[in-house]
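Q: Let me begin by handing over the structure; questions about it come next.
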Amino acid sequence: SDPSSSRRGAFIVFEGLDRCGKSTQVSRLVERLEREGRQARLQKFPDRTTAIGKMIDAYLQSKADMDDHAIHLLFSANRWECAAAIKRDLAQGITVIADRYAFSGIAFSAAKGLPFDFCLQPDKALPLPDLTLYMSLPQEEASQRSQFGEERYETMTMQQATREQFGLVAQEVKRIHGEYRWTEVDARGTIEEVEERIRGLIGDLIEGVDGEISQLWV
Ligand code: NYM
Ligand code: MG
């Protein structure tokens, strides 16, 4: 019998600041998995296609203003409305690759000054990623790449504050869920070099995972 048939798909999350190369790497990874004949799905957060996602999109483009707490809860609600589909796909053996997740939610909102604890609560019990890859780019290198767009949060001060909060998020993930669930990836270098690093870090996770998916922050 095929031992892999009893395994669920892995839930792999990519995190990082704006312009760190995340979206490029996420789509290359999903393409590679599909080329290799594996089932994989890309889940972008925020998912701007849903009704809640459209409100988030309007906020990010400064077409709408919103209280900091309210938009924080909408980002979380946007994950909850996708949670059942993520769990269903994982159970069917599909590898789910997320471009941002709850960790962005905490880091960006806490960087605006909301209490860390408040930021963490609404995502409690969401599917726990098997691995989060945090793509890290030194400030000097990020400034050179920058080319920030027009969206909210895309300023040097905000990115610097968010970088610090991501450090605290990493500590919390490691403390509660184990060191192995959060890994920093050096995002310097060419697209191919970074892709190779990521490939090494993911290893045999793409072969599937034994056991049920756990719950975030539980
Ligand atoms: N963002 C993203 C948040 O503030 N909270 C969240 O929960 C998530 C998922 O939205 N600057 C921020 C980070 C980004 C912005 O994301 C849009 P992207 O990946 O640039 O589309
Ligand atoms: Mg962005």
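Q: Working carefully through the options 70, 142, 83, 125, find the one that is modelled with pLDDT under 95 and of a type outside the set (Val, Ile, Thr).
A: On the way: 70 fails: modelled with pLDDT under 95; 83 fails: modelled with pLDDT under 95; 125 fails: modelled with pLDDT under 95.
That would be 142, the only listed residue that is modelled with pLDDT under 95 and of a type outside the set (Val, Ile, Thr).
Q: I would also like to ask the following. Go through (1) in contact (Cβ under 8 Å) with a residue 40 or more places away in the chain; (2) out of contact with any Pro (no Cβ under 6 Å at 6 or more places or on another chain); (3) not in a helix (DSSP H, G or I) and name the single condition residue 189 misses.
A: (1)
Q: What pairs can you find where one residue is in the range 37-52 and under 18 Å from residue 71 (Cβ atoms), the other is assigned to a strand (DSSP E or B), and their Cβ atoms are less than 7 Å apart, with a gap of 6+ or different chains?
A: Note: pairs meeting the criteria are 44/99; 45/98; 45/99.
Q: Same structure again: With the requirement that a residue be in contact with a Lys or Arg (Cβ under 9 Å, 6 or more places away or on another chain), under 20 Å from residue 125 (Cα atoms) and without any contact (Cβ under 8 Å) to a residue 12 or more places away in the chain, what does the range 55-84 give you? Reasoning before the result, please.
A: Kept after step one, since they are in contact with a Lys or Arg (Cβ under 9 Å, 6 or more places away or on another chain), are these residues of the range 55-84: 56-57, 59-62, 68, 72, 78.
Those still in the list that are under 20 Å from residue 125 (Cα atoms) too: 72, 78.
Those that are in contact with a Lys or Arg (Cβ under 9 Å, 6 or more places away or on another chain), under 20 Å from residue 125 (Cα atoms) and without any contact (Cβ under 8 Å) to a residue 12 or more places away in the chain: none in the range 55-84.
Q: Look at the range 78-108 and say how many of its residues are within 15 Å of the chain's Cα centre (by Cα) and in a helix (DSSP H, G or I). Break it down stepwise before answering.
A: Narrowing the range 78-108 to residues within 15 Å of the chain's Cα centre (by Cα): 78-80, 82-83, 86, 95-108.
After this cut, where a residue has to be in a helix (DSSP H, G or I) as well, the list is 78-80, 82-83, 86, 102-108.
So the count comes out to 13.
Q: More than 16 Å from ligand 2 (Cβ to nearest atom), part of a helix (DSSP H, G or I) and touching a helix residue (DSSP H, G or I) at 6+ places or on another chain (Cβ under 8 Å) - does that describe any residue in the range 61-70?
A: Step one: list which residues in the range 61-70 are more than 16 Å from ligand 2 (Cβ to nearest atom), which gives 64-70.
After this cut, where a residue has to be part of a helix (DSSP H, G or I) as well, the list is 68-70.
Subsequent filtering for residues that are touching a helix residue (DSSP H, G or I) at 6+ places or on another chain (Cβ under 8 Å) retains 68-69.
Yes, the range 61-70 contains a residue that is more than 16 Å from ligand 2 (Cβ to nearest atom), part of a helix (DSSP H, G or I) and touching a helix residue (DSSP H, G or I) at 6+ places or on another chain (Cβ under 8 Å).
Q: In the range 50-61, what residues are within 12 Å of ligand 1 (Cβ to nearest atom) and either in contact with a Gly (Cβ under 9 Å, 6 or more places away or on another chain) or not aromatic (Phe, Trp, Tyr) (or both)? Break it down stepwise before answering.
A: Of the range 50-61, the ones within 12 Å of ligand 1 (Cβ to nearest atom) are 52-53, 56-57, 59-61.
Answer for the range 50-61, where residues must be within 12 Å of ligand 1 (Cβ to nearest atom) and either in contact with a Gly (Cβ under 9 Å, 6 or more places away or on another chain) or not aromatic (Phe, Trp, Tyr) (or both): 52, 53, 56, 57, 60, 61.
Q: Within the range 109-156, work out how many residues are among the polar types (S, T, N, Q) and assigned to a helix (DSSP H, G or I).
A: Step one: list which residues in the range 109-156 are among the polar types (S, T, N, Q), which gives 109, 121, 132, 136, 139, 143-144, 146-147, 155.
Checking the rest, the ones that are also assigned to a helix (DSSP H, G or I) come to 109, 121, 139, 143-144.
Counting residues in the range 109-156 that are among the polar types (S, T, N, Q) and assigned to a helix (DSSP H, G or I) gives 5.
Q: Name the single residue, out of those in the range 1-50 being in a strand (DSSP E or B) and among the β-branched types (Val, Ile, Thr), that is farthest from residue 163 (Cα to Cα). Spell out how you get there, then give the answer.
A: If we filter the range 1-50 for residues that are in a strand (DSSP E or B), which is where we start, we get 8, 11-16, 40-44.
Still in the running and among the β-branched types (Val, Ile, Thr): 12-13.
Values: 12: 20, 13: 17 Å.
If we take residues in the range 1-50 being in a strand (DSSP E or B) and among the β-branched types (Val, Ile, Thr), then 12 is farthest from residue 163 (Cα to Cα).
Q: Further question: Is at least one residue of the range 49-65 buried (at least 16 other Cβ atoms within 10 Å of the Cβ), within 20 Å of the chain's Cα centre (by Cα), of a type in the set (Lys, Arg) and at pLDDT 95 or above?
A: No, there is no match, as no residue in the range 49-65 is buried (at least 16 other Cβ atoms within 10 Å of the Cβ), within 20 Å of the chain's Cα centre (by Cα), of a type in the set (Lys, Arg) and at pLDDT 95 or above.
Q: Output the qualifying pairs, or none if there are none: Cβ atoms under 6 angstrom, residues six or more apart or on different chains, first residue in the range 103-115 and crowded, with 23+ Cβ neighbours inside 10 Å, second residue among the aliphatic types (A, V, I, L, M) and modelled with pLDDT of 95 or more.
A: Pairs that qualify, where the first residue is crowded, with 23+ Cβ neighbours inside 10 Å and the partner is among the aliphatic types (A, V, I, L, M) and modelled with pLDDT of 95 or more, are 103/169; 106/120; 106/169; 107/169.
The values are calculated or read from the model by the stated rules, or taken from the named source; none is laboratory data. Quick caveat: nothing in here was measured; it's all calculated off a predicted structure. All Cβ positions, even for glycine, are placed from backbone atoms using ideal geometry, and neighbour counts span all protein chains on display.
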